[in-house]
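Coordinate-derived values only; no laboratory data. From a predicted model like this one, the values you see are computed outputs, not experimental measurements. Ideal geometry is used to build each Cβ from the backbone, glycine not excepted, and the neighbour counts take in all protein chains shown.
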Amino acid sequence: MKSLFKRNCNLSVWKFLVADHLKPGRPNGTWHEEMGYGLVDAGAAVESAVCDHTIENTIYSSDITLSGCSSVEMEDVLVEDDAVLTIKNVGSLSIEGPFEAEAGTELIFD
């Protein structure tokens, strides 16, 4: 969990940072002596966590977007209640087993 947050930080919001204090090439990105990896983007961290494993036995009844994943594996998935499932910027997508989308739902592959 800790590395998920570290990988989803942003130093660019801190305009006053002195470049001399930046240390590129750290395992989770650029490091600053005073600000660490920067401001945590919790939304990106959660999204990243969703993409780190196979999505199985899942029912989506509200809109969800999966993006920026190296790969997504889905198995036994149901999209219902007019939900929109958006999958974008994904390296590879694997759908196995039952995958159902009820009438009125949307699947968007971008």
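Summary table
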{"quantity": "Peptides 72-78, 96-102 ordered by average Cβ neighbours within 10 Å, highest first", "calculated": "72-78, 96-102"}
{"quantity": "Inter-probe distance in nm under a simple model that places probes 7 Å from Cα toward Cβ, at E100 and S71", "calculated": "2.8"}
{"quantity": "Additional length obtainable on full extension of the chain from T86 to I59, 0.36 nm per residue less Cα span", "calculated": "8.3 nm"}
